[in-house]
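Trainee: Could you have a look at this structure, given as structure tokens, before my questions?
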Amino acid sequence: MIMESETVSTVSEHTAVNRAFWDEVAPHHAASAFYATESFVDDPDSLGAIEKAELGPVAGLEICHLQCHIGLDTLSLARSGATVTGVDFSTESLRIARRLSTRTTINATFVESDVLDAAATLGRRYDLVFTSRGVLMWLGDLDRWARNCVDLIRPGGRFYLLDIHPLAMALEPFPGGYRLASTYFGGGEPSVTSEDRSYAVRDVGLTNQETHEWIHPVGAVVTALAKAGLVIDFLREHPGDDHTPTTLSSDSHDHLLPALFSVGGHLSQ
């Protein structure tokens, strides 16, 4: 019992640190060239070619978008004819998402919840659970994440993940190539960094600069989803693209190693 209590406390502390970072960085992201929200309001389509091709048509589907941040992909899916609920643990991110929903006149529902509690918070199931681009690195409990994802899918429904390849997190650029920055196999403890920056902005005067991040090997991700009851339809690895900067999509080597990976699956009837 003592060990279980200590584990819950540790996870809660990591979540609190990361939430403080995301609440503060969200308005900077909304104002950044990377997110280009003013252009998005004029043409609400933030999805990349990879997810569009792998998702196929979404019109008429009820979709749960986990870790939606400021809601650009949520609204893009809704614009394509889906009924979409975006979920995120950042109050400030969701405030911006709702404002963008109003400005674009695209209807979407936004719910505040830790992704590890999303199934209980929402209390319903969807045709498609969608999550993408920089999501698993913020989660310390992969099995609990997978159970929540599967519990949100109705029988016959689908799951889709597109995320940064863990190899791209383990390597860093080096003159002439790359070198290991950390183990590919991750571990129980997160890496702790403190920088006045994110993938989208830098030097913006953040007070909450600390983040806690994990590396999850591709095999561990697929195993967690399968153990939770998902039938895996595909696992694909992709070179980098313009939508998610990683260490493997920043120079001329960007097509030699996978920068992204995707997993698709379904829940049996």
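Trainee: Under a Cβ-only charge scheme (Lys and Arg +1, Asp and Glu -1), can you give me the dipole magnitude of region 18-87 about the Cα centre, in debye to the nearest 20?
Mentor: I would put it at about 140 debye.
Trainee: Hey, another quick one. D for the chain, whole µm²/s, Stokes-Einstein with Kirkwood Rh over alpha-carbon pairs at 10 °C and 1.306 mPa s: what number?
Mentor: Using the Kirkwood radius from Cα pairs, D works out to 84 µm²/s.
Trainee: Among F159, F40, L180, whose Cα sits farthest toward the positive end of the charge dipole of the chain (+1 at Cβ of Lys/Arg, -1 at Cβ of Asp/Glu, about the Cα centre)?
Mentor: About the Cα centre, the residue reaching furthest to the positive side is F159.
Trainee: To continue, here is another question. Would you calculate a helix-derived [θ] at 222 nm for the chain, using -39,500 (n - 2.57) for each DSSP H run of n ≥ 4 and dividing by the full residue count, to the nearest 500?
Mentor: Mean residue ellipticity at 222 nm (helix-derived): -10500 deg cm²/dmol.
Trainee: Which whole-Hz couplings ³J(HN,Hα) result when phi for each residue of region 216-227 is put into the Karplus expression 6.51 cos²θ - 1.76 cosθ + 1.60, θ = phi - 60°, listed in order with x for Gly and Pro?
Mentor: 10, x, 4, x, 5, 5, 5, 4, 4, 5, 5, 5
Trainee: Right, something else. Modelling each spin label as a point 7 Å along the Cα-to-Cβ direction, I'd like the T102/S191 distance in nm, to one decimal.
Mentor: Each label point lies 7 Å from its Cα, and together they span 3.9 nm.
Trainee: Who wins for biggest fluctuation among V41, V150, V115 in a Gaussian network model of the chain, springs between alpha carbons below 10 Å?
Mentor: V41
Trainee: Assuming 0.36 nm per residue, please report the length gained on full extension of the stretch L256 to F34 beyond their Cα-Cα distance.
Mentor: 77.5 nm
Trainee: Which far-off residues, 5 or more places away or on another chain, put their amide H under 5 Å from the one on L171, with H placed in the peptide plane?
Mentor: A181
Trainee: Under the classification rounded if a/c is under 1.5, otherwise prolate if a/b is larger than b/c and oblate if not, where does region 79-228 fall, given a ≥ b ≥ c as square roots of the Cα gyration tensor eigenvalues?
Mentor: oblate
Trainee: Sequence-distant or interchain residues sharing an amide H contact under 5 Å with F159, placed H: which?
Mentor: Long-range HN contacts for F159: V129, G265, H266.
Trainee: Over the Cα atoms of region 146-250, Rg to Rh with Kirkwood Rh, two decimal places?
Mentor: 1.01
Trainee: Ranked highest first by the average count of other Cβ atoms within 10 Å around their residues, in what order do 98-105, 171-178 fall?
Mentor: 98-105, 171-178
Trainee: Here is a further query. Whole-Hz Karplus ³J(HN,Hα) for region 79-88, in order, using 6.51 cos²θ - 1.76 cosθ + 1.60 and θ = phi - 60°, x for Gly and Pro?
Mentor: Along region 79-88, the couplings run 4, 7, x, 8, 9, 10, 10, x, 10, 7 Hz.
Trainee: Additional query: Taking Cα centroids, how far is region 11-72 from region 221-236 in Å?
Mentor: 23 Å
Trainee: Let me ask something else about it. Given Cβ point charges of +1 (Lys, Arg) and -1 (Asp, Glu) and nothing else, what value in debye, to the nearest 20, does the dipole of the chain about its Cα centre take?
Mentor: Once rounded to the nearest 20, the dipole reads 740 debye.
Trainee: Mean separation of Cα pairs under 8 Å and 6+ residues apart, divided by the residue count of the chain: what relative contact order is that in percent?
Mentor: 18 percent
Trainee: A follow-up question, please. Take each of the peptides 53-59, 70-76, 207-213, average the number of other beta-carbon atoms within 10 Å over its residues, and list them starting from the highest.
Mentor: In decreasing order of mean packing, 53-59, 70-76, 207-213 become 70-76, 207-213, 53-59.
Trainee: Using +1 at the C-beta of Lys and Arg and -1 at the C-beta of Asp and Glu, which of S198, Q67, V17 has the Cα lying farthest in the positive direction of the dipole of the chain?
Mentor: Farthest towards the positive pole: Q67.
Only the coordinates and a few stated rules stand behind these numbers; no lab work does. Note that the coordinates shown come from a computational prediction; the quantities given were computed from them, not determined experimentally. Methodologically, a virtual Cβ is constructed for each residue, glycine included, from the backbone with ideal geometry; neighbour enumeration extends over all protein chains shown.
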